[in-house]
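Contents: one structure, followed by commentary.
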DNA sequence: GCCGTTTTCGGCCCGACTGTTTTCAGTCG
């Protein structure tokens, strides 16, 4: 989610909380919450959309009043109505609500009746016994609040998807081993939507003996704490402090269950609104006919959506924006899939900082069924990564040309070349001209200001040898912040020079990230999904990169390495300014802005 | 505050769980 969207969403979420404290209309409160959550799910920057002249009322849940407030925020940096509302309450009352289990009502009572508006103050009030004097504040409630204050301090934030997915897969394997009766068992929630960070693991399963499965979960050795344990549902905390929620139903309800627990809250609410308009009511067990009371069950998700007259909506798109509208019209894009990829353009070997020989890496790529690959060891400037000197690069090129005859795949000579601080490249031009594929990446001087960094990367794009900009933001999820740059300027330059932008599939990077890739797609910039493998096992990382592209509403046509070998060779053999024409001509799907501007029926386009 | 293939007024998603209650409010997803 773009930062400005997060800011806007937070303001509306806060307004909803404050209105709830005031006892305002629940429907007004819901409207603000709905707007906040829809904005959180948008893949594009609201600020940019406003600059482009978009009418925000095209966004479901945003009408005149909320649209006006967004314009006010963008123009003045403030929202008057929010500030007036804030002024009616003690400072800091909203911070109490960051404690799980403390909602608007509780926060208000604590602030009003105890004069406490900080978490530290609340902790003190608990220890001094003042909280216990409030009505409906029993021992258990207070104990819960106290525990959650403690866990706020010790528990981590959301974790990057890579390790969480591995953990989920480990848990699934362990459950399957212990419980032979399990039928379906898979992740739901943000994990199934491939969000880049995950708050907790939702698992959905089927079994003729559900209680057996929930029992297996709570008795796994990795479980640190059991939060709840019933016959069809269990919640536990596993190492390293991540919550796992498991729901198990009969096989014939699985479609409704997984549909219910995959979409964002906003998606699910919209789905139910829509179902109501058809005279139907949805829950996690099936679809109820409101007139007759008859319940239909669905063993799989496709038949569930189909019963509602909808295309099957890919999990990555279930964020409550336009996906239901488009599914109704049969207009959902056919998102890129792993099977569409024909090549991997960013791989390392033992020659630089990879862990496997060139042969092992080639074989791993061959096993993926690809038609071409580029070996891209580091350039000389990466001393720490054992970067290749000019001589070693020439030697590697000779070796690769010789190896070619032994493999059924086109092996392209490449390099991941450092973009130096001034935007020049790390090899002389005549050496770069020998290469088929150049991935140019920033690995140093990451603290440059936005203008310097933007000019630096654009200078690299203007080099005739540069094919792809590697991991453009250089971020490491949860460990290193992205560099500063002007995304619009970079994407314009990429389009103008015919340079591809990488979606680096390493789960540590996911770079470009989804919203940046979304904008790149809109602007017609070629995107390359690369594994950036340093080990033969890493070639399987592609699934993370494909997920980023899917979250960016990309179809195969938007992705450079879905091109056939012949098409890709035609692309790289065309001199750069004209490459973009080749890319466009090869695209089965022209870059479109449909995902953003598709109007709801009846409104003007 | 938003919204409309009955509607510009009169509706507005659904269920589980918890703890504190003698019938339900608050919170969560």
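The values are calculated or read from the model by the stated rules, or taken from the named source; none is laboratory data. Only a predicted model underlies this, so the values are computations on that prediction, with no experimental measurement involved. Cβ: placed from backbone, ideal geometry, glycine included. Neighbour counts: every protein chain shown.
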Using the structure shown, decide if residue A:182 is assigned to a loop (DSSP other than H, G, I, E, B), in contact with a strand residue (DSSP E or B) (Cβ under 7 Å, 6 or more places away or on another chain) and surrounded by 16 or more Cβ atoms within 10 Å (Cβ to Cβ). yes
The range A:244-260: number of residues that are part of a helix (DSSP H, G or I), in contact with a helix residue (DSSP H, G or I) (Cβ under 9 Å, 6 or more places away or on another chain) and surrounded by fewer than 18 Cβ atoms within 10 Å (Cβ to Cβ): 0
So, in the range A:113-141, of the ones that are under 28 Å from residue A:86 (Cβ atoms) and near DNA strand B (Cβ under 10 Å from one of its atoms), which residue ends up nearest to the chain's Cα centre (by Cα)? A:141
Filter result (within 11 Å of DNA strand B (Cβ to nearest atom) and without any contact (Cβ under 8 Å) to a residue 40 or more places away in the chain) within the range A:79-96: A:96
Filter result (surrounded by fewer than 24 Cβ atoms within 10 Å (Cβ to Cβ) and touching a strand residue (DSSP E or B) at 6+ places or on another chain (Cβ under 9 Å)) within the range A:525-539: A:534, A:538, A:539
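Among A:110, A:99, which is the only one that is modelled with pLDDT of 85 or more, crowded, with 18+ Cβ neighbours inside 10 Å, within 12 Å of DNA strand B (Cβ to nearest atom) and assigned to a loop (DSSP other than H, G, I, E, B)? Let's see the steps before the verdict.
On the way: A:110 fails: assigned to a loop (DSSP other than H, G, I, E, B).
So the residue among A:110, A:99 that is modelled with pLDDT of 85 or more, crowded, with 18+ Cβ neighbours inside 10 Å, within 12 Å of DNA strand B (Cβ to nearest atom) and assigned to a loop (DSSP other than H, G, I, E, B) is A:99.
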Subset of the range A:433-480 that is modelled with pLDDT under 95 and part of a strand (DSSP E or B) - its residue that is farthest from residue A:530 (Cα to Cα): A:480
Given the range A:261-374, what helices (runs of 4 or more DSSP H) lie entirely inside it while holding 2 or more residues that are away from DNA strand B (no atom under 11 Å from the Cβ) and modelled with pLDDT under 95? A:301-307, A:323-328
Would a scan of the range A:198-207 turn up a residue that is more than 25 Å from residue A:507 (Cβ to Cβ), over 23 Å from the mean Cα position of the chain (by Cα) and touching a residue at least 40 places away in the same chain (Cβ under 8 Å)? yes
List the residue pairs whose Cβ atoms are under 6 Å apart, where the first residue sits in the range A:353-370 and is free of Cβ contacts under 8 Å to residues at least 40 places away in the same chain and at negative phi, the second is part of a loop (DSSP other than H, G, I, E, B) and surrounded by 19 or more Cβ atoms within 10 Å (Cβ to Cβ), and the two are 6 or more positions apart or on different chains. A:370/A:342
Here's a check for you: in the range A:209-243, which residue that is within 16 Å of DNA strand B (Cβ to nearest atom) and assigned to a loop (DSSP other than H, G, I, E, B) is nearest to the chain's Cα centre (by Cα)? A:241
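Please verify whether residue A:552 is under 15 Å from residue A:473 (Cα atoms), buried (at least 23 other Cβ atoms within 10 Å of the Cβ) and in contact (Cβ under 8 Å) with a residue 24 or more places away in the chain, treating the condition exactly as stated. Let's see the steps before the verdict.
Details: under 15 Å from residue A:473 (Cα atoms): no; buried (at least 23 other Cβ atoms within 10 Å of the Cβ): yes; in contact (Cβ under 8 Å) with a residue 24 or more places away in the chain: yes.
No: the conditions fail for residue A:552.
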